[in-house]
1. Mind listing the long-range amide H neighbours of Val126? Cut-off is under 5 Å, sequence gap 5 or more, other chains count too, H placed in the peptide plane at 1.01 Å from N.
2. Karplus couplings for the range 15-28 from phi (6.51 cos²θ - 1.76 cosθ + 1.60, θ = phi - 60°), rounded to Hz, Gly and Pro as x?
3. Under 5 Å between amide hydrogens, which residues at least 5 positions from Arg146 or on another chain qualify, with H placed 1.01 Å from N in the peptide plane?
4. From the phi angles alone, apply the Karplus equation (6.51, -1.76, 1.60; θ = phi - 60°) to the range 42-51 and give each ³J(HN,Hα) in whole Hz, x where the residue is Gly or Pro.
5. Using the eigenvalues of the Cα gyration tensor, what equivalent ellipsoid semi-axes result for the range 3-42 when each is taken as the square root of five times the eigenvalue, whole Å, largest first?
6. Contact order normalised by length for the chain, with contacts defined as Cα pairs under 8 Å and 6 or more residues apart; what percent is it?
7. Return the inverse of the average 1/r over all pairs of distinct C-alpha atoms in the range 76-127, which is the Kirkwood hydrodynamic radius, in Å to one decimal.
8. Rounded to a whole number, what is D in µm²/s for the range 60-159 from Stokes-Einstein with the Kirkwood radius over alpha-carbon pairs (37 °C, 0.692 mPa s)?
Amino acid sequence: MKRETIIFFASVLLALLVGIALGYYYGNRTGMEEGRLLANEQFSKIVHSIFPEPPEEIYSISGEVVSITGSAIKMEIISPEDYLPHTDGSPYEKENRYALVTANTEIYFINPSEIDENGSPSISKVSLSDLVAGDEIYVKSEENIREEERFEATRIEHMMY
C-alpha cells in the first residue's frame, strides 16, 4: 500500500508540474502575442503620424534616370508603398517608371550654386538630350501617377550639384 501511495502522489505531482509548465508556456506565449499586437497598434499610430502614408493621388515623383529611349525616360524610384524607414538597414523596394516626354514637356536644369538677383537658384531650360543615365530628376504630370508605369511628363527638373 505504501508503494502505491508513493506512485500515486508522484503521478499527481508529475501531472501538476507538467500542467504548470504548459500553463506557463501557453500563458506567456499568449501574453507576448497580445503585448506585441497592442504595442504595434499603439506605436503604429505614432509612426504613421510622423511618416504618413503617401496620398492616393500622386502627381510628381523623383528618381534616377536609368535610360532614355526615344522620348521615354526610364527611371528608378522608391516604391510609394515602401515609405517607412528601414531600421534594419535593408534597401527600399524600387520600381521602374517611364516618363514620356512630349512637345509640351518642359525640362530644366536647376543649379543651386549659381544664385540670381532674387536669391533663387539659377534655372535654365534644356532639352531631353541634356539628360543622361544616373541623373536624379523630379518629374511632374497632370495625371495621377501613383500606380502608373507609363505617364506623360509635363515638367522635368534636374538639380545640378
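1. Correct list: Ile107, Tyr108, Phe109.
2. Once rounded to whole Hz, the list reads 4, 5, 5, 4, x, 5, 4, 5, x, 5, 4, 5, x, 5.
3. Answer set, sorted by chain and number: Ile58.
4. So the J values, rounded to whole Hz, are 5, 6, 5, 5, 5, 4, 6, 6, 8, 10.
5. Output for the range 3-42: semi-axes of 38, 4, 4 Å.
6. In percent, rounded to a whole number, it is 23.
7. Working: mean 1/r = 0.0684 Å⁻¹.
Hydrodynamic radius (Kirkwood, Cα pairs) of the range 76-127 is 14.6 Å.
8. 226 µm²/s
Read the figures in this text as sums done on the coordinates, not as results from a lab. Keep in mind it's a predicted model, so treat the numbers as computed, not measured.
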